[in-house]
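To keep things clear, I will list the structure first and then write my remarks on it.
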Amino acid sequence: MTGQRLRGVLLLAGGAFLITLAALVRLYIYPSGLVLPAEQDRITKLTTESGSYFDTATLRTHRNVPLETVVARYGDTVRSTPDVAVWTEFVSLATRDGQRVDYHERRAAFDRRTGQAVDCCENYVDENADPAPRGLVFRWPFGARPVAYPVYDPLARRAVAARFEGIETLYGVRVNRYTQRLVNERLVQQQAMELPGPVLGLGGGKAFPVDAYLDGTRTFWVEPDSGMVVGFRENLVKTLRTPDGRGRLVALAADMRTSDGDERWNAGEAEQFRRWTTLVNLVLPLSCAVLGALLLVAGLRAQTRVPAPANPEDAEDTEDASEDTDGVSEDTDGVSGGDGEGDRVSGGAGDGAAAPEPRPAGG
């Protein structure tokens, strides 16, 4: 195999390899990397400078109080699998001086690709097992679309639609805004509760059983590529009501949002994921495909190209030698034809040529 042909084969092989690599990265490596993490160790804070809450110990309502919600999430890597992640969440609402107002915790398993709740791994909310959770629990799916998603509410114990309402920019990151509205949502309480009539606006000293209801909105700012919630806000009013609805009081009223530091950190994490997505899903496959196509074209041209002489003078010498060879060939043909005619002339001289005249005697 000549050097030119070998070079063409190598170029063709390299081009085919790069195009195959582009397809593998785009169709296999990138999708296989879209998996929500089983590991989790994150604490997020929501704050408000003016909240109100009812203290069940003193039976007093405190207004215009700074409140802070601490949300701690931890991943259970032992119970998690390649397809399912298990996280535990602890939510504590307290005043700035540390007095606890409310507390909830839950354990939830979810699909590591879709973020949807999965019925397994001893899911629970507070002190009650929850055998059939539905909807998203902690994260939006990768490539979140501008549609409504069901988001599981651990207090109502059901999925409530979070509707897409627009696109915004949060700390330099493009995010989708989803809003979940709660209207007269009855909450599942950990234990039965009774309150004195005067506290509920009723006369007499009798205690009345009450149920908890929730109204308000939750807003999620989600980076769509990663499905990460960059910012979160909940403006909720929790009321306690008697079964007949005559007695009621506001147990909690607060408009809380994730802190600036947490949102900035979340935005940085989402931006890193977006860059990885752009690299693996677009830049790398496209670069490999373009370079592979160029190598294929070069290889085909190398296979079909006729090798040229290395030295132009050699090409001229070759042409001159070819012309000389043609001249010699023509001369040889002429000599060959003259010999034939000479034979005939020679034969004529032998037969019909005049003899020399005799010299005169004595001359």
Pick from region 78-100 the residues that are acidic (Asp, Glu) and not in a strand (DSSP E or B): which of them is farthest from residue 234 (Cα to Cα)? 83
If a residue must be of a type in the set (Gly, Ala, Ser), closer than 22 Å to residue 176 by Cα and not in a strand (DSSP E or B), how many such residues does region 228-287 contain? 5
Please give the number of the condition residue 123 fails out of (1) among the polar types (S, T, N, Q); (2) surrounded by 15 or more Cβ atoms within 10 Å (Cβ to Cβ); (3) within 27 Å of the chain's Cα centre (by Cα); (4) over 20 Å from residue 254 (Cβ atoms). (3)
Filter result for the condition that a residue is outside the structural domain of residue 54 (by TED's automatic domain parsing) and within 36 Å of the chain's Cα centre (by Cα), over 223, 263: 263
Single residue of region 209-227 satisfying the filter (assigned to a strand (DSSP E or B) and among the small types (Gly, Ala, Ser)) that is modelled with the lowest pLDDT: 212
Among the candidates 112, 79, which residue alone is over 17 Å from residue 256 (Cβ atoms) and surrounded by fewer than 19 Cβ atoms within 10 Å (Cβ to Cβ)? 79
Can you tell me which of 230, 237, 222, 210 is of a type in the set (Val, Ile, Thr), within 30 Å of residue 148 (Cα to Cα) and without any contact (Cβ under 8 Å) to a residue 60 or more places away in the chain? 237
Would you check which residues across region 185-207 are in contact (Cβ under 8 Å) with a residue 12 or more places away in the chain and among the polar types (S, T, N, Q) and list them? 189, 190
Return a yes/no flag: does region 221-240 have any residue that is in contact with a strand residue (DSSP E or B) (Cβ under 7 Å, 6 or more places away or on another chain), over 30 Å from residue 261 (Cβ atoms) and buried (at least 17 other Cβ atoms within 10 Å of the Cβ). yes
Residues of region 44-60 being over 22 Å from residue 112 (Cβ atoms) and either of a type in the set (Lys, Arg) or not in a loop (DSSP other than H, G, I, E, B) (or both), in sequence order, are 45, 46, 47, 48, 49, 50, 51, 52, 53, 54, 55, 60
Tell me which residues, restricted to region 18-43, are assigned to a helix (DSSP H, G or I) and of a type in the set (A, V, I, L, M). 18, 19, 21, 22, 23, 24, 25, 27, 29
Of the residues 296, 282, 252, 286, which is touching a Leu at 6+ places or on another chain (Cβ under 9 Å), at pLDDT 75 or above and not assigned by TED's automatic domain parsing to the domain that holds residue 171? 296
If only one of 109, 132, 144, 148 is over 18 Å from residue 224 (Cβ atoms) and within 25 Å of the chain's Cα centre (by Cα), which one is it? 109
What tally of residues in region 230-249 results from selecting those that are at pLDDT below 95 and farther than 23 Å from residue 101 by Cα? 4
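The values are calculated or read from the model by the stated rules, or taken from the named source; none is laboratory data. Every value quoted in this text rests on a predicted model; they were computed, and no experiment measured them. For neighbour counting, all protein chains shown are included, and Cβ atoms are generated from backbone atoms with ideal geometry for every residue, glycine included.
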